[in-house]
1. Within 10 Å, count the other beta carbons around each residue, average over each peptide in A:254-265, A:389-400, A:463-474, and list them highest first.
2. By how many degrees, between 0 and 90 and to the nearest 10, does the Cα long axis of helix A:41-59 differ from the longest principal axis of chain A?
3. How would A:Y36, A:Y161 line up by accessible area, probe 1.4 Å, largest first?
4. Compute the distance from the alpha-carbon center of the stretch A:55-77 to that of the stretch A:194-222, in whole Å.
5. The stretch A:138-162 to the stretch A:24-40: how many Å between their Cα centroids?
6. Once amide H atoms are built 1.01 Å from N in the peptide plane, which residues 5 or more positions from A:N165, or in another chain, come under 5 Å H to H?
7. Output the pairs from A:K139/A:K204; A:K63/A:K232; A:K339/A:K456 with a Cα-Cα distance over 25 Å in this structure; if there are none, say none.
8. What do you get for the angle between helix A:98-115 and the principal long axis of chain A? Use alpha-carbon atoms, 0 to 90 degrees, nearest ten.
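The values are calculated or read from the model by the stated rules, or taken from the named source; none is laboratory data. If you're wondering where the values come from, they're calculated on a predicted model, not measured in any experiment. Backbone-built Cβ (ideal geometry, glycine too); neighbour counts: all protein chains shown. SASA here: full protein model, heavy atoms, side chains in, ligands and nucleic acids out. Shrake-Rupley method; radii C 1.70, N 1.55, O 1.52, S 1.80 Å.
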Amino acid sequence: MPKPLRIYNTLSRTIEDFKPLHEDKVGMYVCGPTVYNYLHLGNCRTFSSFDIIFRFLTYCGYKVRYVRNITDAGHLEGDRDEGDDKFAKRAKLEQLEPMEIVQKYTQYFHDVMREFNCLPPSIEPTATGHIIEQIELTKQILANGWAYEVEGNIYFDVAKYSQDNNYGVLSNRNLADLLDGTRELGGQDEKHGRLDFALWIKAKPEHLMQWQSPWGMGFPGWHIECSAMSQKYLGQQFDIHGGGMDLIATHHTNEIAQNCACSGTGPARYWMHTNMLTVNGVRMSKSAGNGFLPDELFKGTHPLLEKGYSPMSVRFFMLQSHYRSTLDFSNEALQAAEKGYARLMSAMKLIDTLKTDGDASAYIQELRNKCEFAMCEDFNTPIAIAHLFEGVTFINNVNDGREKISVADKTALKKLFYDFVFDIFGLKEELGSNNETLSDVVKIILEQRADAKARKDFASSDALRDKLLAAGIVIKDSKEGTTFTVVG
RNA sequence: GGUCCUGUGGCCGAGUGGUUAGGCUCAGCUCUGCAAAAGCUGCUACAGCGGUUCGACCCCGCUCGGGACCUCCA
């Protein structure tokens, strides 16, 4: 591990030293998507953030078990355990089976994660695959006296739980305030308390996704799945639990209550939450209808977008802000990121071609220290990137003969950039620059142009350059020869 | 109404009690047949008003503005 790692913990609302439960191992659980619809870019930001956290923990030498679930059952429209099942509703709309909906949107989710170059988690459990575990957990909570049954529904008793526990530990709210903000129970409401939530829900006969339980046919509540699956794969207590900030108030609060009701301890020691993506200052969300689909972003088909942006440009864009800050989407900001990213990549390509000369210096090691330090301070990617850009300037200076670099430093420099840009930030080269055939063809054309230039036939050489540009290939001349890049 | 976050230069976006964040943009210069690329230089900000301090963008208070959560959403 390079430096002591420090992490902002939502529980304490401060940055704390990170000490894993087990020496060199880290258990991390991140709430994944509910696959009843296309995921939008806001979701991508959260998963990309945790992807980088996962990658950096690995870089630090930890053996990380990263569990990210897929919610494929039990999520009702209203979190107060009312309304239709999200999957059933969507299935009706698309005239498909609920599991076809699940399959379709899980596939889409995975495709997008791959586009963003997010590593797959170590385990990706589904709610439907853990019905038994959820029933067992519910039974236990019931046995411990923290829940009650009404007509085949099992509800968590928040009032009783609150007698001995702080229900609002995570959201930092007291019970009275919480009750204040909740509407009155209706006359027919089966719940004893306004904050009570369902662990198990009785299914209507026509409901397709239902399972046998001690309380009849039904399906699990939304929150119980995470308690069940995190416990199964990471144990009663593990290191990091993450998700979007919007999950703090309800989902994660209930999850902690369930775990405490079961085992007397909350699931995680460090709770990490990513902030929201905004569009024109307003939160991007499914209900607001202002969410870009990843496809729309890549192709530029959304009305708010002037053009398409590649997945890596977007990933870089996200890296330029801290995960706990809101990030605002705009064409201008996206284009700035696109250019900055291109500059970073072209500097990296230069490293191999740098001429070595001179003595070793401490510069490269200092640069690595600075990057590591930034990441160790609650995964501060924007600062790490700022330092990397100092390295970019250095590379360009060496390339232009204003600075010197020793053989050993050149190797260290390359390692530094590859470690951070590729391994930690998860960026990669894109846009066909690794397409051998295209590369060969362009080289042939560039030779023609060089001939024309040698003959001082600039009309021809410029024509070739313009035509290449029109085809999306930008060339740049230098003393060493001509190179090219493919743009979108 | 309650709880909480936030207000940085043309744009995005970090950060700290006293030294340049960084990216993009714009202007000038170097290089170049021209261009592009690259480099250098310039544009030097921290909502407003008080207070604490030798000194605050960073600490405290107030005012104004933006946003989030308390129905679902990462």
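1. Those peptides, ordered most packed to least, come out A:254-265, A:389-400, A:463-474.
2. 80
3. Of A:Y36, A:Y161, the descending order of accessible area is A:Y36, A:Y161.
4. Distance between centres, Cα-based: 26 Å.
5. Here the two parts' Cα centres lie 27 Å apart.
6. Residues meeting the amide H criterion: none.
7. A:K339/A:K456
8. Orientation of helix A:98-115: about 30 degrees from the principal axis.
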